[in-house]
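Notes to accompany the following structure.
The values are calculated or read from the model by the stated rules, or taken from the named source; none is laboratory data. In this text the structure is predicted, and so the values were computed from the model without any measurement. All Cβ positions, even for glycine, are placed from backbone atoms using ideal geometry, and neighbour counts span all protein chains on display.
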Amino acid sequence: MSRNVLLLPGDGIGPEIVAEAEKILHAINEKFDLKLTFDTGLVGGAALDEADNPLPDDTLDMARKADAILLGAVGGPKWDALPMAKRPEKGLLGLRSNLELFANLRPAILYPQLASASSLKPEVVSGLDIMIVRELTGGIYFGQPRGVRQLESGERQGYNTYAYTESEIRRIGRVAFEAAQQRGKKLCSVDKANVLEVTVLWREIMNELKSEYPDVELSHMYVDNAAMQLVRAPKQFDVIVTGNMFGDILSDEAAMLTGSIGMLPSASLNSEKQGMYEPCHGSAPDIAGKGIANPLATIISAAMMLRYSLDEEKAAAAIEAAVNKVLDQGLRTADIMSEGGTRVSTREMGDAVLAAL
Ligand code: NAD
Ligand code: IPM
Ligand code: MN
């Protein structure tokens, strides 16, 4: 049975990091006889330049048909002045909403070799392994109404709507409870239920779901405290479940605990386990084209793709083992450079993972 993988390199460092993950995927395809076929499509600024649309119809068609998607990153200063509907980010958001990729898994794991690259003291962070489950197709990112309106006073007002339906909360809650069941059996739901009604409902539904998962310990935390606790004592967390915007912010914060935003992978899944896989970071315009970006978040995202959407656990584990090996060898891109390491380029890092496979 052949399966199709759609590669969407996107903008900035996107093409550089996806090229490295692609090399690894081709090698793993041969080694494990996975019968994967690959297509490449345009998204984001690259698609705007080519087709005047951040999510062209043929990209969306290919995405719908694909068994899994690997995306680099979208966006950059070139397109920042465009109206909201024409921004590169709409390409990414359109893929998430059209494919109903509501469950975003962002595992923040500190590889022991990178303990000194973390901004926290080793004793606070060593052994860190948390899973952030972020709701991805609702909340303030998609709530209606939204826009900028003219008030009678003559002033303009910008507004967005933070809304969740019960069913949206329930389905992401289930994903999080199930993830906790398979891990440390601790789930922390992060909200702002002291101020926002939408998250009062969120908390209520999480409490309701708890009865279906008696083996999971559920706690609740306000998002401001959660941001603080993540840098005070991050190992208190096992699985965190939260809404779209809080999850966006907390996952970048958690990334830094692991040494670099260049280490954090992600999976975005729908209810059919079709998935889009991408590093959590963006297009890094400040280093694009320099060949120094860390490709590991993308390579580890490819491993997640093999595990979650293609059911190829052995192949996924082989990639993760290869990443561990290059870190053992002391190879470091600039963002994870520490004393005693050998500094390598994006391509050299990809080549090293390939050699370690
Ligand atoms: P960013 O994540 O692109 O960059 C933040 C900082 O982290 C920069 O200093 C960058 O050089 C560094 N960095 C990021 N990835 C790295 C890597 N792999 N290796 C080494 N260093 C890395 O965030 P930003 O600067 O806020 O956003 C830049 C653009 O990317 C914006 O247009 C934004 O909308 C977009 N963005 C896209 C995605 C995505 O496609 N999933 C995610 C976040 C931001
Ligand atoms: C991410 C990004 C996106 C988000 C942007 C680019 C739309 O920051 O994937 O974390 O906010 O979800
Ligand atoms: Mn983000």
**Complete:** The strands (runs of 3 or more DSSP E) lying wholly within segment 228-318 that contain at least 1 residues that are β-branched (Val, Ile, Thr), within 29 Å of Thr161 (Cα to Cα) and in contact with a helix residue (DSSP H, G or I) (Cβ under 9 Å, 6 or more places away or on another chain) are 239-242
**Message:** Taking the conditions exactly as written (surrounded by fewer than 16 Cβ atoms within 10 Å (Cβ to Cβ) and either basic (Lys, Arg) or assigned by TED's automatic domain parsing to the domain that holds Ser189 (or both)), does Met221 satisfy them or not?
**Reply:** no
**Fill in**
Subset of segment 328-345, residues closer than 17 Å to Ala117 by Cβ, polar (S, T, N, Q) and outside any strand (DSSP E or B), comes to Gln329, Thr333, Ser338
**Message:** If I ask for residues that are more than 16 Å from ligand 3 (Cβ to nearest atom), within 30 Å of Ala85 (Cα to Cα) and part of a strand (DSSP E or B), which ones from segment 120-153 would you list?
**Reply:** Gly147, Val148, Arg149, Gln150
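Yes/no matrix, rows are residues, columns are (1) more than 14 Å from ligand 2 (Cβ to nearest atom); (2) acidic (Asp, Glu); (3) in contact with a Pro (Cβ under 7 Å, 6 or more places away or on another chain); (4) not assigned by TED's automatic domain parsing to the domain that holds Gln113:
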position	(1), (2), (3), (4)
Asp248	no, yes, no, no
Ser251	no, no, no, no
Gly282	no, no, no, yes
Pro295	yes, no, no, yes
**Residues of segment 198-218 that turn out to be among the hydroxyl-bearing types (Ser, Thr, Tyr) and either buried (at least 16 other Cβ atoms within 10 Å of the Cβ) or touching a strand residue (DSSP E or B) at 6+ places or on another chain (Cβ under 9 Å) (or both), as a count** = 2
**Request:** Could you check Glu20 against (1) of a type outside the set (S, T, N, Q); (2) touching a strand residue (DSSP E or B) at 6+ places or on another chain (Cβ under 6 Å); (3) buried (at least 18 other Cβ atoms within 10 Å of the Cβ); (4) under 26 Å from Ala317 (Cβ atoms) and say which number it fails?
**Result:** (2)
**Single unsatisfied condition, Lys325 versus (1) part of a loop (DSSP other than H, G, I, E, B); (2) touching a residue at least 24 places away in the same chain (Cβ under 8 Å); (3) more than 16 Å from ligand 2 (Cβ to nearest atom)** = (1)
**Fill in**
Over segment 202-220, the set of residues touching a helix residue (DSSP H, G or I) at 6+ places or on another chain (Cβ under 7 Å) and either assigned to a helix (DSSP H, G or I) or at positive phi (or both) is Trp202, Ile205, Met206, Leu209
**Request:** Any chance you could count how many residues in segment 1-38 are among the aromatic types (Phe, Trp, Tyr) and under 23 Å from the mean Cα position of the chain (by Cα)?
**Result:** 1
**Item:** Counted residues, segment 221-256 - those being free of Cβ contacts under 8 Å to residues at least 40 places away in the same chain and either within 16 Å of ligand 1 (Cβ to nearest atom) or on the phi > 0 side of the Ramachandran plot (or both)
**Value:** 3
**Asked** Is segment 144-162 home to any residue that is surrounded by 13 or more Cβ atoms within 10 Å (Cβ to Cβ) and either closer than 23 Å to Cys188 by Cβ or in contact (Cβ under 8 Å) with a residue 40 or more places away in the chain (or both)?
**Response** yes
**Message:** Can you go through Ala73, Ala85, Ala47, Ala51 and tell me which one is among the small types (Gly, Ala, Ser) and either more than 16 Å from ligand 2 (Cβ to nearest atom) or touching a Lys or Arg at 6+ places or on another chain (Cβ under 7 Å) (or both)?
**Reply:** Ala51
**Request:** Starting from segment 29-47, take each residue that is touching a residue at least 40 places away in the same chain (Cβ under 8 Å) and assigned by TED's automatic domain parsing to the domain that holds Met1 and list its partners that are loosely packed, with under 14 Cβ neighbours inside 10 Å and assigned to a helix (DSSP H, G or I), counting only C-beta distances under 8 angstrom and pairs at least six apart or across chains.
**Result:** Phe32/Lys314
**Item:** Index of the failed condition, Ile130 passing every other in (1) within 16 Å of ligand 2 (Cβ to nearest atom); (2) in contact (Cβ under 8 Å) with a residue 60 or more places away in the chain
**Value:** (1)
**Asked** So, in segment 272-287, of the ones that are at pLDDT below 95 and not acidic (Asp, Glu), which residue ends up farthest from ligand 1 (Cβ to nearest atom)?
**Response** Lys273
